[in-house]
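Structure first, commentary second.
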Amino acid sequence: MKLLLSIYFFIIAIIQLGLLFGIYHYYRSQNLLRPNPYWMGSLLVSVLGLCIFGGGILTLNNIVKPDFNFTVANTLFVAAASLQALFCLSLNRPITKGLLRTFGISILLFGVVFEYFRLNGNFEIRTALVAFFYCLFYIWQIIELSKKRTQMPSSQLAYLQYASYGELFFALGRVVILVASTITITEMQQIPQTLILFTIAQLVMNTLSYIAIGGYWAEQIAKTNVQSTLENQEIKRLLAERETLISSLLRANKTASTGALSASIAHELNQPLGASSLNIQFLQKKLAAGELSPELQNEILNTLLADNQRAANVIRTLRSIFTDEKITTEKVDCGELIQTVLSIAKPELHAKNIQVVLRLEDSLYLSANRGELQQVVLNLVNNAIQALIPIERLDKQITIYGTHTDHGIEISVEDNGRGLSQEAEALLFELLSGTKKTGMGLGLWLCKHIITRYGGSIWFEVAPEGGAKFVFQLPTKLA
């Protein structure tokens, strides 16, 4: 009889071990969803308990006072049941460290009590004690499964719940059989056949519960794979839409940018060409009236030549951006260059009643391209004039500073206007981001291009009186 009982336990242990290896190999290849550690741990502990119990039966000599390995085996059985209950609990809420400690203490307490009854009790008390703990865990397991199935129906969880009902039924049946027995069991041959049958049936139902849990996780993996596939398809669809949208925006932006850049270039050229047009009209008027003196003629022609050079410099600078042609430099007196810029802007300054204050140090010499440097200063002065035009105050003023620094020469153009908004400041030097109604953002971008190409830097500051202050710094010897 001992051999037959031992074989029963070993057969169930082998079945559960095969299930453990199969599940472990299957889930090890999965990256999307890992197995729950509680039921995997429960299965492993159950296999160990079955092997120890089966081996203990073969060496059992006294059923009233068995060896210590029966305490170990039964403690492992209860631990496996508790881990399975924890798995069911984890389906509904996270397992806290405090709860894990409580379970651990309860298992140790069971081992101590069982060891006491192994030494001082009998077969019936030990069997009833184990069955009592089983019933507690099975009832808890069934309650948690009912909660989970209410939230998320699952056929595999239904199978697990049915298996749990079976385990509870056979555990209670073992207690009933012992209570109904009229004899005290002291030998293996006295164990009722129905008690053995119910014990084996409980182990079989326990194995079915592990199979149901494995099926549940396979079900979850299938759902996760389907969801992942759908998400990948959605991502591919969104990426395709993104590429289509980008292509459409690029086509639209190319058209818009071409028109905006053309308008900006036209605005930059409009200043010298407009001045030339006015001078030509003035020249025609004087010729028609016969009032053109040699001195006036010479002045007008020189002004026309200067305006023509200004337009040529704009075109040359724009061409250099795209052709990256070599810069021709010469020794430039920044003070003289600023005076030249002010003479160009003089009619506008007088018309708008704007005063100019110069604070220039001596010997502000640079090795630079005169035309491009003049274009930078003229752009900044024109911007300051435009900023002061809408201001209703009598003391409109532009202050130009020129100083030596450790890094070279620093020039700044400051006005006492209203200043700029934070939104405008963030886009000051971006291409096609102008805020003025005239022009579309080429001027400051062109200034930055010229200055940075020479190895310098240009930036914006808030003037002491709240206006705008543009500063650029260039090394004494430009690259």
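The values are calculated or read from the model by the stated rules, or taken from the named source; none is laboratory data. Computed from a predicted model, the values in this text were never measured in an experiment. Because the Cβ atoms are built from the backbone with ideal geometry, glycine has one as well, and the counts that use them run over all protein chains shown. Accessible surface is based on the protein model in full, side chains and every heavy atom, while ligands, DNA and RNA are left aside. Shrake-Rupley method; radii C 1.70, N 1.55, O 1.52, S 1.80 Å.
Pick out the one residue from L136, L157, L86, L168 that is closer than 20 Å to L50 by Cα and aliphatic (A, V, I, L, M). So that I can check it myself, show each step before the final result.
Numbers: L136 fails: closer than 20 Å to L50 by Cα; L157 fails: closer than 20 Å to L50 by Cα; L86 fails: closer than 20 Å to L50 by Cα.
Unique residue meeting the criteria: L168.
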- Among the residues of the range 245-289, write down those that are at pLDDT 60 or above, open to solvent by less than 90 Å² (accessible area, probe 1.4 Å) and under 35 Å from the mean Cα position of the chain (by Cα). I246, S247, S248
- Message: Is it the case, given these coordinates, that T184 is exposed (fewer than 15 other Cβ atoms within 10 Å of the Cβ) and either under 55 Å from the mean Cα position of the chain (by Cα) or under 15 Å from R126 (Cβ atoms) (or both)?
- Response: yes
- Just a yes or no: is a residue in the range 64-84 part of a helix (DSSP H, G or I), open to solvent by 70 Å² or more (accessible area, probe 1.4 Å) and at negative phi? no
- Message: Given the criteria within 30 Å of Q151 (Cβ to Cβ) and touching a helix residue (DSSP H, G or I) at 6+ places or on another chain (Cβ under 8 Å), does L43 qualify?
- Response: yes
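Test R126 against the stated conditions and say whether it is over 42 Å from the mean Cα position of the chain (by Cα) and either free of Cβ contacts under 8 Å to residues at least 12 places away in the same chain or open to solvent by less than 40 Å² (accessible area, probe 1.4 Å) (or both).
Working: over 42 Å from the mean Cα position of the chain (by Cα): yes; either free of Cβ contacts under 8 Å to residues at least 12 places away in the same chain or open to solvent by less than 40 Å² (accessible area, probe 1.4 Å) (or both): yes.
Judged against the criteria, R126 is a match.
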- Query: Since S146 meets every condition but one in (1) more than 30 Å from N36 (Cα to Cα); (2) open to solvent by 40 Å² or more (accessible area, probe 1.4 Å), which condition does it not meet?
  - Reply: (1)
- Total residues in the range 91-102, condition part of a helix (DSSP H, G or I) and either buried (at least 17 other Cβ atoms within 10 Å of the Cβ) or of a type in the set (D, E, K, R) (or both): 2
- Any residue at all in the range 34-56 that is loosely packed, with under 13 Cβ neighbours inside 10 Å, in a helix (DSSP H, G or I), aromatic (F, W, Y) and modelled with pLDDT under 90? no
- Message: Just the residues that are out of contact with any Ser or Thr (no Cβ under 6 Å at 6 or more places or on another chain) and open to solvent by 40 Å² or more (accessible area, probe 1.4 Å), please, taken from the range 404-423.
- Response: H404, T405, D406, H407, R418, L420, S421, Q422, E423
- Within the range 383-402, track down each residue that is over 44 Å from the mean Cα position of the chain (by Cα) and open to solvent by less than 40 Å² (accessible area, probe 1.4 Å). I385, L388, I391, K396, I398, T399, I400, G402
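Conditions (1) part of a helix (DSSP H, G or I); (2) at positive phi; (3) in contact with an Asp or Glu (Cβ under 6 Å, 6 or more places away or on another chain); (4) modelled with pLDDT under 90, marked per residue:
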{"site": "C135", "(1), (2), (3), (4)": "yes, no, no, no"}
{"site": "P153", "(1), (2), (3), (4)": "no, no, no, yes"}
{"site": "G166", "(1), (2), (3), (4)": "yes, no, no, no"}
{"site": "F169", "(1), (2), (3), (4)": "yes, no, no, no"}
{"site": "V175", "(1), (2), (3), (4)": "yes, no, no, yes"}
{"site": "L178", "(1), (2), (3), (4)": "yes, no, yes, yes"}
{"site": "T184", "(1), (2), (3), (4)": "no, no, no, yes"}
{"site": "V204", "(1), (2), (3), (4)": "yes, no, no, no"}
{"site": "L208", "(1), (2), (3), (4)": "yes, no, no, no"}
- Message: Take L60 and tell me if it is over 55 Å from the mean Cα position of the chain (by Cα), surrounded by 14 or more Cβ atoms within 10 Å (Cβ to Cβ) and modelled with pLDDT under 90.
- Response: yes
- Query: Given the conditions (1) under 60 Å from the mean Cα position of the chain (by Cα); (2) not in a helix (DSSP H, G or I), and given that Y216 satisfies all but one, which numbered condition is not satisfied?
  - Reply: (2)
- Return yes or no: is I23 β-branched (V, I, T) and modelled with pLDDT of 80 or more? no
